[in-house]
Amino acid sequence: MALKIYWTKRADKKFDQILNYLQDEWGESVANAFIRKVYDFLNILSEFPEIGTIENKGKEIRGFTIIKQINVFYRIFRRHIHTIKLF
């Protein structure tokens, strides 16, 4: 069963900042490619939530590199996943 993914406000804000930067500096096609990579990853993550490595064992935070410059950090809960931060 796929888990539902929720974005924290911090993650959502950072996603928008990255997207705006890519659009301004590299153009629409690069920004769209980034969006596809993120959403492709989220689709995989919802099916295989333990795909990321444990970054903070005490808080059960996992991380995954989407592209060389961008990592996503998230927590798995019983029925959903929270994206915490993009970095």
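Only the coordinates and a few stated rules stand behind these numbers; no lab work does. Quantities reported herein were computed from a predicted structural model and do not represent experimental measurements. Using ideal geometry, Cβ is built from the backbone for each residue, glycine included, and neighbour counts are taken over all protein chains shown.
Report, in deg cm²/dmol and to the nearest 500, the calculated mean residue ellipticity at 222 nm for the chain, where each DSSP H run with n ≥ 4 adds -39500 (n - 2.57) and the sum is divided by the residue count.
Helices in the chain give a 222 nm mean residue ellipticity of -15000 deg cm²/dmol.
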Exercise. Enter the angle in degrees (range 0 to 90, nearest 10) between the Cα long axis of helix 9-26 and the first principal axis of the Cα atoms of the chain, meaning the one along which they spread out most.
Key: 30 degrees
Self-check item: Expected-Rg normalisation [2.2 N^0.38 Å, Cα atoms] applied to the chain
Solution: 1.09
Self-check item: Nearest-ten-degree value, helix 28-47 long axis tilted from longest Cα axis of the chain
Solution: 10 degrees
Exercise. Please work out how much length the chain gains when fully extended from Val30 to Glu55, using 0.36 nm per residue of separation minus the C-alpha to C-alpha distance, in nm with one decimal.
Key: 6.2 nm
Quiz item: Can you pull out the trypsin sites (Lys or Arg not before Pro) in the range 16-82 that DSSP calls coil and that have at most 13 other Cβ atoms within 10 Å?
Solution: Lys57, Lys59, Lys68, Arg78, Arg79
